[in-house]
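Working notes, structure below.
The values are calculated or read from the model by the stated rules, or taken from the named source; none is laboratory data. Please read these numbers as outputs of a predicted model, since none were measured by experiment. So basically every Cβ, Gly included, is an ideal-geometry build from the backbone, and we count neighbours across all protein chains shown. For accessibility, only protein heavy atoms count, side chains too; no ligands or nucleic acids. Shrake-Rupley method; radii C 1.70, N 1.55, O 1.52, S 1.80 Å.
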Amino acid sequence: MKTSRISLFLIVAVYSLILMAIEWKTSQQFVRQFVTDIEGKVFFYAINTTFSVFLLWATALIFGICLLCIDKVQQRRDYFFYISQIIMFTYLGFDERFLIHETIGLWLGRNDAYLVLGLGFVEIGLLVGFGNLHQKTVAARYFLYTAAVFFAMMVIIDAKFPSQMVLRLSFEELTKLWAEVCLALFAWEILKQLLYKLRKNE
């Protein structure tokens, strides 16, 4: 735990030094691009993206707490699963905020929806390989499978529906949001199950 805190402080310290160095070497106007508020012409500008990033990083955090609840030597499979989920959802949060897969899609000249689908298949592999789904609660599996349905709907809408179709954008963004809500609840159910076991073994 102490090592984790030290690592966090070091990361924030390095980030702080880099930010100060950029302003020192360039200008306040240049560094403002990295620290600017998210502003728009309406009050709730980019709120759906804000919700999405919050849910994805919250899911990563919940799996991080799960990691603290297990013995990594005796529960190696669970250990690798939680590590993989922390990495996956941390990345997805960055992807949502900084448009990573959209940028890669432009570089490759491919529909970026298929890149997201590829990540979905990676997640399926992690769930099957390390997830021990048969040991999870009914509620956890319900939220996971519901998330999968919403995710599939999102990919189909993104890949196949006409870009200017009425309600297409809302359907795409809201199916993504519902998938993220269900995934956060999936992680939460797993954490509840772990905490129940810990209390029972006290």
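Miscellaneous remarks
- For the range 1-45, the square roots of the Cα gyration tensor eigenvalues, ordered a ≥ b ≥ c, give a/c of at least 1.5 with a/b no greater than b/c, which places it in the oblate category.
- Contact order normalised by residue count of the range 1-150, Cα under 8 Å, 6+ apart, percent: 17 percent
- For the range 116-202, the relative contact order is 36 percent, taking Cα pairs closer than 8 Å that sit 6 or more residues apart in sequence and dividing their mean separation by the residue count.
- Electrostatic dipole magnitude of the range 32-104 [Cβ: Lys, Arg +1; Asp, Glu -1; Cα centre; debye, to 20]: 140 debye
- Of the DSSP H helices in the chain, those whose Cα atoms cover at least 27 Å axially and whose Kyte score averages 1.0 or more: 2-25, 47-68, 138-160
- Largest-first ordering by accessible area, 1.4 Å probe, given options H101, H134: H134, H101
- The count of lysine pairs in the range 73-202 with alpha-carbon distances below 29 Å, taking only pairs 8 or more places apart or on different chains, stands at 7.
- Using C-alpha pairs below 8 Å separated by at least 6 residues, the relative contact order for the range 60-121 is 25 percent.
- The residue list I6, F89, Y196 was ranked by how far each Cα lies along the charge dipole of the chain toward its positive end, using unit charges on Cβ atoms, and Y196 comes out on top.
- In the range 45-124, the GluC sites (Glu not before Pro) that fall in loop regions by DSSP, at most 16 other Cβ within 10 Å: none
- Scanning the chain for trypsin sites (Lys or Arg not before Pro) that sit in a DSSP loop and have at most 16 other Cβ atoms within 10 Å, the longest stretch containing none of them is 111-202.
- Point-charge dipole on Cβ atoms (K/R +1, D/E -1) for the chain, about Cα centre, debye to 20: 640 debye
- Of the residues Y145, N132, F121, the one whose Cα sits farthest towards the positive end of the charge dipole of the chain is N132 (charges of +1 on Lys and Arg Cβ, -1 on Asp and Glu Cβ, taken about the Cα centre).
- Percent of alpha-carbon pairs separated by more than 20 Å within the chain: 65 percent
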